[in-house]
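The values are calculated or read from the model by the stated rules, or taken from the named source; none is laboratory data. Predicted, not measured: the structure shown is a model, and the values here were computed from it. Please note: Cβ atoms are built from the backbone with ideal geometry, for glycine as well, and neighbour counts cover all protein chains shown.
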Amino acid sequence: MARVLVGCKRVIDYAVKIRVKPDKTGVVKQNVKHSLNPFDEIAVEEAVRMKEKKIATEIVALSCGPSQCQETLRTALAMGADKAIHVEIPDKDYEHVTSLHVSKILAKAAKEINADVVIVGKQSIDDDSAQTAQMVAALLDWPQATFISKAEKVDNVLKITREIDGGLENITAKLPAVISADLRLNEPRYATLPNIMKAKKKPMEKKTPKDFEVDLSSRFDVISVVDPPSREAGVKVESVDDLVSKLKDAGVV
Amino acid sequence: MHYKNQFYYDNQQKFVMDILYRLSFCMNIFRGKAVTEQVFPFPAVDVLDEERKETLDALVDPVSKFFEEVNDAAKNDELEKIEDHTLEGLKELGAFGLQVPVDFGGIGLSNTQYARLVEIVGSHDLGVGIALGAHQSIGFKGITLFGNEEQKAKYLPKLAAGQEFAAYSLTEPASGSDANSIRTKAELSADGKHYVLNGSKIWISNGGIADIFTVFAKTPVKDSKTGDTKDKITAFIVERGFGGVSSGPPEKKMGIKCSNTAEVYFEDTKVPVENVLGGVGEGFKVAMMILNNGRFGMAAALSGTMKSCIAKAVDHAQNRKQFAKNIHEYGAIQEKIAEMVMRHYATESMAYMVAANMDKGAKEFQIEAAISKVYGSEAAWFCCDTAMQILGGMSYMKDTGLERVMRDLRIFRIFEGTNDILRLFVALTGIQYAGGHLRDVLAALKSPVSNPGLLVGKAVEKAKRSMGVVSPISVVGAHSELAAEADKLGTCIAMFGGSVEDLWQIVLLMTDLYSPSGRVGAVHLYFLIICSKQYEHGLFNFAERVSCFCFLDEQFLLWRIAEAAMDIYSMSAVISRCSAALTSGLPSSEHEKVICQTYVEKATQRVKDNLGELTSTPHQAIFKNMSLISKQTVANAGVIAQHPLGGSL
Ligand SMILES: Cc1cc2nc3c(=O)[nH]c(=O)nc-3n(C[C@H](O)[C@H](O)[C@H](O)COP(=O)(O)OP(=O)(O)OC[C@H]3O[C@@H](n4cnc5c(N)ncnc54)[C@H](O)[C@@H]3O)c2cc1C
């Protein structure tokens, strides 16, 4: 196996308290801390480990979005990716970008760089769509292994373990393949300061969706974005009878 | 910046410092002048170019994450060592060579970038902070500052990678603050190839684990003019592997327990002559410059500590209910929180101001750096102590994490120059500088006929001062919304300059009154030295300066001068930073304005009080009495007063 393509999405940092914009068109992103999507971080880590085990020779990280995505890509480079591709989509257009758009770009890029494996996080922590890996696989007509917790390469086949309800599922996928990383696949390393400094010198290619012939026109409109309803305070009940009568009052039993 | 490299060597290759001094804000307040190049506009605002800013942005996260997720301060404290996996992690992280040039395997950070990262360290674990600081802020800083290319290439890469640890070895059993009195000796071998080092050092951070030591020892140096041989301090790079180097067991300490502290002994250690650092006989300068260059880092780390103390205090104040109210609603708690916030603001402003000035090429920042260390270590102690008070009994429990911080913090007022000695340093360095400039006035005072006009003018000024009237000087550069604060600063500087001048006149008066008695003879001599060759002695005759003024028993006065200098500098840093916030319209600028106004008001009051005490009659009696109480108690080896229950009890 030679080349791994890793998807790296820039998302609002997990520790940030999300605020909805007053005009309900989305959430506040300006002056808010962003970082590499945690599941994508796991994907990068997996690629780096593949390289350390000498089953990969080159790691290319790709991110779609505004110019700040380059910071996100630098994180991936500091972790061990060799090259980065930034597909620049201005803020205004990025609002409408969906998993399908990104999947098309990833699929095209995978072809272009001759990737043998595409690794992405199982979902991004902002939109929670969990469909990019599947779409990329479909577009490429490659095997897919999603939500994986373990991957080993034997000959030209990946032996995969997936966590499913009630147990583990073992499958194999022929290369080339698309895989998506679940939480327990690995524990991503810290980008060390020397590697961050080295990452500044690694190549970063700048592209646009046009270069991949991907049309970004929107297929749906966002009508409104609202906060989840806040939970109302509960009441403490003294006894089972009390509980039953309260439930009856509420019309649920 | 225009003030880069504004120093020069005269035709005898002597360092001319007058021009340097001119640019130091703190030096000049001793002359009653507001020289604000290094203060306005707030130098930290533009000190990082885009690239350095981006780099720093990328570094802050992983360092924070490391300290949040990997490093366990409580565990390090309990084990009295840094956990193995943490130490390995720190090495990988690159934390041991933050400022080592990239070419030598380090991260190549500027002072400002370094300050930002050690702030994170300080907010989590001061013990680790000292382990790292003893290594790079003082342990091998001498090599980066004074080392030649061979020395740098030989030592820096392994040190930067944390493969080898470094230690700064100055203190000895009989030599603490008075560093000139060290006894460790280094004598040149007969073949002239190496020095033979003998002596012992105590309380050396990393002393038990270091591979590379910056050692200060006395070497006989021949004066080229007189031909006399005198012992002078020389700095050496000493490898543990040179032989004859041993160290004691780790000291049991109050705090910063995970940082190793040990005695280090040198017994006939052969040090190659190539390992002299910074020139034979130049060791005192090397020792002081290393500390001088590292002090901003301590202030930055401590501002991080203060921030985390404040966060704990505020969290508790917001949630703890007593007498039916959350305790933050009570004035006594509010005053505490506000005071913590103001002192944090001042510390942080000074730390980044000093760092930025250093990055912009300032060469003269010794008073500013000393103030940032003294102020920062006391402000941090105050914050931790106050946070403990706000948390009440909870703060006394180990799990809260504040008692460890308090234990860790205490040493910061003691090492790298005790705060007391640094106060004397601040006062004396500035006073000496002012003395040079007051030459004409002082000469006129000594022989009034020579320039009566000058004296009359001075006498009028002095009379006005004693009535509390000063002509304020204008401080240019503050934001228009802080004009009142800038005026107060100007008034403080004018008062301060006047007080320093008065102090010089006291010195002079005494020389005239008592001359030629031995005691005052020394002062007179000192005065003449300063007036005739004002800067030849330069920065580093501090010990001499101390002993001269000790003669005078003037420390009661010097202390107050230093206090006022610290308030004036902190005030200026606060006004400058707040001006920058207002100018760029930061969302926090209105809040900062309130902090600034309140801080300046309080600091101005303190300056007035401290300067007033210099000459007020009651205070002269207080000083005399306090000296007496101390002397009598010392003579009695303890308190003298009869027990309230009677003599035999
Ligand atoms: C944990 C720890 C780590 C240390 N790490 C290092 C290290 O890495 N390298 C190193 O070289 N040293 C180190 N030291 C030593 C430290 O720098 C000294 O303790 C410090 O310089 C003070 O010296 P001293 O303890 O001898 O106190 P002294 O100098 O004896 O002072 C005692 C008191 O007298 C006051 N005093 C002294 N002279 C005067 C004067 N003329 N006028 C008025 N007051 C005066 C002082 O301010 C102080 O309050 C460390 C110490 C500790 C405790």
Residue tally, condition within 14 Å of chain B (Cβ to nearest Cβ), of a type outside the set (A, V, I, L, M) and within 24 Å of A:Arg3 (Cβ to Cβ), over the range A:149-196: 3
Give the residue, chosen from B:Tyr155, B:Tyr168, B:Tyr114, that is within 14 Å of the ligand (Cβ to nearest atom), in contact (Cβ under 8 Å) with a residue 40 or more places away in the chain and among the aromatic types (Phe, Trp, Tyr). B:Tyr168
Apart from one, (1) touching a residue at least 12 places away in the same chain (Cβ under 8 Å); (2) facing chain A (nearest Cβ under 10 Å); (3) farther than 14 Å from B:Val121 by Cβ all hold for B:Gly94; the odd one out is (3)
Could you say which residue among B:Leu614, B:Leu645, B:Leu649 is hydrophobic (A, V, I, L, M, F, W, C), at pLDDT below 95 and touching an Asp or Glu at 6+ places or on another chain (Cβ under 9 Å)? B:Leu614
Would you point out the residue of the range B:50-59, among those that are more than 8 Å from chain A (Cβ to nearest Cβ) and surrounded by 15 or more Cβ atoms within 10 Å (Cβ to Cβ), that is farthest from B:Leu126 (Cα to Cα)? B:Arg52
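Okay, residues lined up against (1) free of Cβ contacts under 8 Å to residues at least 24 places away in the same chain; (2) among the aromatic types (Phe, Trp, Tyr); (3) farther than 24 Å from B:Phe213 by Cβ:
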site: B:Val280; (1), (2), (3): no, no, no
site: B:Met298; (1), (2), (3): no, no, no
site: B:Cys309; (1), (2), (3): no, no, yes
site: B:Val314; (1), (2), (3): yes, no, yes
site: B:Ala324; (1), (2), (3): yes, no, yes
site: B:Glu335; (1), (2), (3): yes, no, yes
site: B:Tyr345; (1), (2), (3): no, yes, yes
Do we find a residue being assigned to a helix (DSSP H, G or I), more than 24 Å from B:Leu291 (Cβ to Cβ) and at pLDDT 95 or above anywhere in the range B:405-417? yes
Might you check whether a residue that is more than 16 Å from the ligand (Cβ to nearest atom), among the β-branched types (Val, Ile, Thr), modelled with pLDDT of 95 or more and farther than 30 Å from A:Ala15 by Cβ occurs anywhere in the range B:126-144? yes
I'd like the full set of residues that are over 11 Å from B:Leu132 (Cα atoms) and under 25 Å from the mean Cα position of the chain (by Cα), limited to the range B:87-100. B:Gln99, B:Val100
Quick check on the range A:197-220: of everything there that is at the interface with another protein chain (Cβ under 10 Å from one of its Cβ atoms) and among the charged types (D, E, K, R), which residue is nearest to the chain's Cα centre (by Cα)? A:Lys200
For the range A:231-239, state whether one or more residues are away from every other protein chain (no Cβ under 14 Å), loosely packed, with under 14 Cβ neighbours inside 10 Å, in a helix (DSSP H, G or I) and among the aliphatic types (A, V, I, L, M). no
B:Leu79 fails exactly one of (1) within 11 Å of another protein chain (Cβ to nearest Cβ); (2) surrounded by fewer than 19 Cβ atoms within 10 Å (Cβ to Cβ), namely (1)
Do you know which of the residues in the range B:399-431 that are more than 16 Å from the ligand (Cβ to nearest atom) and buried (at least 18 other Cβ atoms within 10 Å of the Cβ) is farthest from B:Ser175 (Cα to Cα)? B:Leu402
Output the residue which, of all residues in the range B:374-398 that are hydrophobic (A, V, I, L, M, F, W, C) and buried (at least 24 other Cβ atoms within 10 Å of the Cβ), is nearest to B:Lys75 (Cα to Cα). B:Cys384
Collect the residues in the range B:82-91 that are more than 11 Å from every other protein chain (Cβ to nearest Cβ) and in contact with a helix residue (DSSP H, G or I) (Cβ under 8 Å, 6 or more places away or on another chain), keeping them in residue-number order. B:Ile82, B:Glu83, B:His85, B:Thr86
Selected residue [more than 14 Å from chain A (Cβ to nearest Cβ) and near the ligand (Cβ under 8 Å from one of its atoms)] from B:Ser205, B:Ser224, B:Ser181, B:Ser189: B:Ser205
Step by step: first the residues of the range B:208-221, then only those that are of a type in the set (A, V, I, L, M, F, W, C) and within 16 Å of the ligand (Cβ to nearest atom), then the one that is farthest from the other protein chains (Cβ to nearest Cβ). Which residue is that? B:Ala217
For the range B:236-249, give me each residue that is in a loop (DSSP other than H, G, I, E, B) and either within 27 Å of B:Glu282 (Cβ to Cβ) or within 11 Å of the ligand (Cβ to nearest atom) (or both). B:Gly243, B:Gly244
Subset of the range B:250-266 [more than 13 Å from the ligand (Cβ to nearest atom) and crowded, with 24+ Cβ neighbours inside 10 Å]: B:Phe266
Listed by first then second residue, the pairs whose first member lies in the range B:236-256 and is not assigned by the TED database to the domain that holds B:Val215, whose partner is away from the ligand (no atom under 11 Å from the Cβ), with beta carbons under 9 Å and at least 6 positions apart or on separate chains, are none
Go through (1) crowded, with 17+ Cβ neighbours inside 10 Å; (2) under 27 Å from the mean Cα position of the chain (by Cα) and name the single condition B:Ala186 misses. (2)
Sort through A:Ala145, A:Ala130, A:Ala151, A:Ala115 and tell me the only one that's outside any strand (DSSP E or B) and buried (at least 19 other Cβ atoms within 10 Å of the Cβ). A:Ala115
Sole residue being of a type in the set (Gly, Ala, Ser) and modelled with pLDDT of 95 or more, chosen from B:Ala581, B:Ala543, B:Ala621: B:Ala581
